[in-house]
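Working notes, beginning with the structure itself.
The values are calculated or read from the model by the stated rules, or taken from the named source; none is laboratory data. The structure presented is a predicted model; accordingly, all values stated were derived computationally and were not measured. Because the Cβ atoms are built from the backbone with ideal geometry, glycine has one as well, and the counts that use them run over all protein chains shown.
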Amino acid sequence: MSDTILYVEDEPGLVRLAEAVFRKIGFGGRIVPAGSLAEARRALARIREGGALPKLVVTDLGLPDGSGLELVRQIKEDPSLRAVPVVVLSGSASPETVTEAYALGANAFLSKTPAAGDLLSAMEGLVRCWLREVELPSPRIGDRIQWDLTRAVGYETRVAQIYLELARRLRADPAALRFWLDLALAEGNHANLLRFFESLVEACDAPAPVLDRLEDQLAQVETCVAGIEMGLGARPEMDRDGALEITLRIEECPSEELILAGLGILLPWAPAAVATLAESLADHAAHIADGVRRLTRRQDLWARAQAFLTRARTVRDRFATGLTDAPPAP
């Protein structure tokens with residue numbers, strides 16, 4: 001690991017305090033601040049591009065573009081990052097929040113208002129522990145395709161959870177309940193098929209620029225779905241049209257290029273499985289388009305659903321005819 005600490009906090013005063021603590025105890029490495037989830041992801045990418053990993057990640061929960069728990073999730077789902085200790089430092093320390101942080105893999109949770117009342121001493125003890133005293137396993141830089149598949153499975157699982165939440169909110173409407181439960185099941189099936197690829201892909205011979213583009217697209221869809229999750233949490237009431245809007249926003253996340261690039265990379269290992277996944281995605285799009293036509297009279301939603309279906313069928317047709325190369329960069 002590099003002598004780098006990634007500190008994710010949107011309050012400048014706390015950033016300066018943390019930097020002072022790190023320097024006080026003799027930490028001579030880099031302290032990389034980030035004021036949002038997007039900045040943290042970019043900072044992680046830059047650190048990794050240098051051929052190393054951070055020695056410690058400290059993150060707040062309440063960030064301008066989402067929760068620090070999203071960063072915990074991303075790091076702990078990544079085989080090449082999960083050995084990096086992640087500490088949540090937050091003023092929100094409800095039992096539910098603490099439980100969720102540890103469930104996602106956080107190594108420690110520290111309140112900004114510790115029981116002893118001395119944040120400076122608490123932070124100093126925290127850094128001494130994780131930088132000097134704890135013995136950590138040496139992280140293995142995993143195969144990039146395996147890492148990308150793990151992220152894609154996580155994305156599909158999050159989408160399934162959104163659809164389950166929409167079904168819960170519309171449970172008094174039988175037609176709507178069945179529609180969104182079906183969508184959640186389809187997303188779960190897609191995640192399981194991606195896990196099948198994880199068992200097949202052992203080595204990566206895809207060109208680095210192709211993988212770079214794939215990972216950039218993964219980051220875009222992850223950011224997109226995080227924004228949808230935030231919006232859903234802030235919207236307690238939901239009707240059919242609102243739920244359909246959310247569904248189409250999910251499917252309109254910048255995923256077409258991601259699917260094309262990902263399937264193109266996986267094709268040499270399991271062409272039949274790739275064709276099956278492409279067919280399943282097209283069937284999923286057809287189910288959405290049919291549901292939109294049945295559940296709403298809004299023609300703007302019909303048009304968006306039809307456009308989505310057309311794109312999905314184009315992807316299916318490309319892989320059904322034996323496409324063997326990843327698509328060119330957009």
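If you take the residues of the stretch 154-175 that are touching a residue at least 60 places away in the same chain (Cβ under 8 Å) and over 24 Å from residue 279 (Cα atoms), which of them is surrounded by the fewest Cβ atoms within 10 Å (Cβ to Cβ)?
Among them, the one singled out is 175.
So which of 65, 3, 10 is of a type in the set (D, E, K, R) and touching a Lys or Arg at 6+ places or on another chain (Cβ under 7 Å)?
Just a single option satisfies the conditions, and that option is 3.
Residue by residue through the stretch 279-323, note down the ones that are of a type in the set (Val, Ile, Thr) and either outside the structural domain of residue 186 (by TED's automatic domain parsing) or free of Cβ contacts under 8 Å to residues at least 40 places away in the same chain (or both).
Answer for the stretch 279-323, where residues must be of a type in the set (Val, Ile, Thr) and either outside the structural domain of residue 186 (by TED's automatic domain parsing) or free of Cβ contacts under 8 Å to residues at least 40 places away in the same chain (or both): 310, 314, 321.
Within the stretch 239-265, take every residue that is buried (at least 17 other Cβ atoms within 10 Å of the Cβ) and outside any helix (DSSP H, G or I) and give me the one that is modelled with the lowest pLDDT.
Checked the stretch 239-265; the qualifying residue modelled with the lowest pLDDT is 255.
Condition first: surrounded by 15 or more Cβ atoms within 10 Å (Cβ to Cβ) and either modelled with pLDDT under 80 or closer than 18 Å to residue 47 by Cα (or both). Now tell me which residues in the stretch 3-13 satisfy that.
Passing the criteria: 4, 5, 6, 7, 8, 9.
Starting from residues that are assigned to a helix (DSSP H, G or I) and of a type in the set (Asp, Glu), keep the ones in the stretch 1-60 and report whichever is nearest to residue 105 (Cα to Cα).
39
Please count how many residues of the stretch 148-187 are in a helix (DSSP H, G or I) and within 20 Å of residue 290 (Cα to Cα).
Looking only at that region, the number is 21.
What number of residues within the stretch 281-330 satisfy the criterion of being modelled with pLDDT under 90, assigned to a helix (DSSP H, G or I) and small (Gly, Ala, Ser)?
1
Please pick out the residue among 177, 194, 244 that is of a type in the set (A, V, I, L, M) and within 28 Å of residue 266 (Cβ to Cβ).
Criteria check complete, one pass: 194.
Select from the stretch 24-82 the residues that are more than 25 Å from residue 96 (Cβ to Cβ), of a type in the set (Gly, Ala, Ser) and at pLDDT 85 or above and write down the one among them that is surrounded by the most Cβ atoms within 10 Å (Cβ to Cβ).
34
Which condition number does residue 20 fail, the rest of (1) within 19 Å of residue 85 (Cβ to Cβ); (2) free of Cβ contacts under 8 Å to residues at least 12 places away in the same chain being met?
Of the numbered conditions (1) within 19 Å of residue 85 (Cβ to Cβ); (2) free of Cβ contacts under 8 Å to residues at least 12 places away in the same chain, the odd one out for residue 20 is (1).
Out of 96, 9, I need the residue that is more than 26 Å from residue 211 (Cβ to Cβ), free of Cβ contacts under 8 Å to residues at least 12 places away in the same chain, among the acidic types (Asp, Glu) and not assigned by TED's automatic domain parsing to the domain that holds residue 233. Which one?
It is 96.
Report whether or not residue 88 is within 24 Å of the chain's Cα centre (by Cα), at pLDDT 65 or above and not in a loop (DSSP other than H, G, I, E, B).
yes
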